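The values are calculated or read from the model by the stated rules, or taken from the named source; none is laboratory data. Treat the numbers as computed from the prediction; the structure is a model and nothing was measured. Note: areas computed on protein heavy atoms with side chains; ligands, DNA, RNA excluded. Shrake-Rupley method; radii C 1.70, N 1.55, O 1.52, S 1.80 Å.
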Amino acid sequence: QVQLVESGGGLVQPGGSLRLSCVLSGRSFSIHAMGWYRQRPGKQRELFASITAEGDTRYGGSVKGRFTISRDNAKNTVYLKINNLKHEDTAVYYCNTAGEREYAWGQGTQVTVSS
């Protein structure tokens, strides 16, 4: 059974940092391009960061310079380091494949930026 499990979210003050993790189980992880998505309140879920199987990364304009995506194939895990968090980063964060057929979505991890 394929499962995506995100973790690492929480309540953070503006300017703070977080590291999110996502584990893919039940499928071969290393062959997939992976991405981080987020769904902000009242908005649709959007892809904003991705990493190929070879480790090449790509970011949406609004997060470039503050977000870093990485992966550890030995742990079947993709990470997202977020620095200098802003109120507009408040969202539920998900991971899934990027540019490929997506697996069933996990529950996501909530990130709330508030002072």
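Could you do me a favour and compute the accessible area per residue for the chain, 1.4 Å probe, result in Å²?
Numbers: 6130 Å² over 115 residues.
Per-residue accessible area for the chain comes out at 53 Å².
How big, on average over all directions, is the shadow cast by the Cα convex hull of the chain, in nm²? It would help to have the intermediate numbers written out before the result.
Values: hull surface 26.5 nm².
If you wrap the Cα atoms of the chain in a convex hull and average its projections, you get 6.6 nm².
Ignoring ligands, DNA and RNA, please state the percent of accessible area on the chain from carbon and sulfur, probe 1.4 Å.
Numbers: 2710 of 6130 Å².
The value for the chain is 44 percent carbon and sulfur by accessible area.
Taking N as the number of residues in region 51-115, what value does Rg over Cα atoms divided by 2.2 N^0.38 Å take?
Dividing the Cα radius of gyration by 2.2 N^0.38 Å gives 1.20.
Write down, largest first, the equivalent ellipsoid semi-axes of region 1-66 in whole Å, where each equals the square root of 5 times an eigenvalue of the alpha-carbon gyration tensor.
Details: eigenvalues 100, 50, 32 Å².
Each semi-axis is the square root of five times an eigenvalue, giving 22, 16, 13 Å.
Please give every one of the aspartates and glutamates within straight-line cross-link reach of Lys81, meaning a C-alpha to C-alpha distance under 17 Å, and leave out same-chain neighbours fewer than 8 residues apart.
Lys81 reaches Glu6, Asp56, Asp72, Asp89.
Write down the radius of gyration of region 28-68 and its Dmax, each obtained from C-alpha positions, in Å.
Looking at region 28-68, its Cα Rg and Dmax stand at 11.5, 34 Å.
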